[in-house]
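The values are calculated or read from the model by the stated rules, or taken from the named source; none is laboratory data. Note that the structure is predicted; figures quoted are calculated from it, not measured. Cβ placement follows ideal geometry from the backbone for every residue including glycine, while neighbour counts extend to all protein chains displayed. Areas reflect the complete protein model, heavy atoms only, side chains present, ligands, DNA and RNA absent. Shrake-Rupley method; radii C 1.70, N 1.55, O 1.52, S 1.80 Å.
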Amino acid sequence: MNMITPVLGHAELRHQAGIARALGSSFVAAVLEAGQRQLYRAPRTQRLIETWPGDPIDAALAMRFNAALHALARRNKRPRLSALYRGQHDDFDSAIAETLDAEDAFIAEWMRHTPQTNEVGRAASIAAALMVLQERFAMPVELLELGASCGLNLNLGHYGYTLGGIRAGIADSPVQVTPAWSGPPPINRPFAVAAARGIDLNPLSATDSKTRERLLSFVWADEPERAQRLEDALALAVQHPPQIDRGNAVPWLARQLSIPHERRTCRVVYHSMVLQYMTGADRAAIETMIAAAGRRATPDRPIARISFERERANEQVQLILTCWPYGEQRLLAHCHTYGKWIAWH
């Protein structure tokens, strides 16, 4: 299930409140419900939401709105809002009304920018898929990530995991990812990352304080453990800076795939909750390029793709692994949007 679902009319925030509550966040649900009731106090933000030119599902408008308020609360710009986020009162309407009155321009400007979650919890799903990949190709992997953001998931080889009772990765890593697990455990095969590189339209740096604040604002305020894990991953990224290029994913991926990779290494293209922000033309180009690279793959230079994306028909996030040269595709799991749980198949 995803936080972003279709809406009727102009009740975007109210509709998303129900999804947030179903995902376990009564606090975010209350923020969005109060935001919907008080939205008229912020005409620029209201107009932005009600006249959004694209699909509000893919744009994640409610997530942007919630993060803008969280950012203001973290900055203590509106003391009553900050007190609400610290749990010192529960008058959502008055705190949010005051904030919308005073911060309309800030919120509207914040919402114009694409969400930057760089959710570390999703690394567990990618790691589980890499363990399955080792059964097919027992060799190091070269990672290419689309939409890498701050590159925290490019560092997945530096994290520790507990996956269905199986310990994997780095046992003493400061970043431990332990999703709730249902279904049989994954194949317990360690993987080694030979190289990792990513692309993003606007790469973020873990050394930048504004970057850290923006990422933390997208973490739901009632999930302190998730926020702490993000801070730990940011600190680790300072020690192990991810390699991220700036630009459009389509020409970048074309260049990367045109360069033969090392023998006895599996090249892995992966992406998590990224395709929804791309144009239809770019998505089609990426599909075509990966398929063409797959046709060129050989047993000693295999290609794989790991997709962690929302399936529009039923709104579920699917973890799909495709391997070449044989073109095998497997639906490995359904997953929580932010990696809280994995339903393994």
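Nearest 10 degrees is fine. How inclined is helix 224-239 to the longest principal axis of the chain, computing both from alpha carbons?
50
With unit charges on the beta carbons (Lys and Arg positive, Asp and Glu negative) and the dipole taken about the Cα centre of the chain, which residue among GLY151, ALA196, CYS335 sits farthest to the positive side?
After comparing all options, I get ALA196.
Can you give me the accessible area per residue for the range 167-226, using a 1.4 Å probe, in Å²?
Per-residue accessible area for the range 167-226 comes out at 53 Å².
From the phi angles alone, apply the Karplus equation (6.51, -1.76, 1.60; θ = phi - 60°) to the range 251-263 and give each ³J(HN,Hα) in whole Hz, x where the residue is Gly or Pro.
Calculated HN-Hα couplings, in order: x, 4, 5, 4, 5, 4, 6, 7, 9, x, 8, 4, 5 Hz.
Going by accessible area, probe 1.4 Å, with all protein chains left in place, what is the ranking of ASP91, ASP282, largest first?
Listed by decreasing accessible area, they come as ASP91, ASP282.
Working from Cα positions, state the angle (0 to 90°, nearest 10) between the long axis of helix 12-22 and the longest principal axis of the chain.
60
Would you kindly derive the ³J(HN,Hα) couplings of the range 87-92 from the backbone phi angles with the Karplus curve 6.51 cos²θ - 1.76 cosθ + 1.60 (θ = phi - 60°), listing them in order in whole Hz, with x for Gly and Pro?
Working through the residues one at a time gives x, 8, 7, 10, 8, 4 Hz.
Which value in Å does the Kirkwood hydrodynamic radius of the chain take, with 1/r averaged over all unlike C-alpha pairs and then inverted?
One decimal place: 20.8 Å for the Kirkwood radius.
Given the -39500 (n - 2.57) contribution per DSSP H run of 4+ residues, what per-residue ellipticity at 222 nm results for the chain, rounded to the nearest 500 deg cm²/dmol?
For the chain, the value works out to -13000 deg cm²/dmol.
Hey, any idea what % of the chain's accessible area is carbon plus sulfur with a 1.4 Å probe?
That fraction is 51 percent.
Angle between the Cα long axis of helix 280-296 and the longest principal axis of the chain, 0 to 90 degrees, nearest 10?
20
Charges only on Cβ, +1 for Lys and Arg, -1 for Asp and Glu: so what's the dipole of the range 173-260 about the Cα centre, in debye to the nearest 20?
That gives the range 173-260 a dipole magnitude of about 360 debye.
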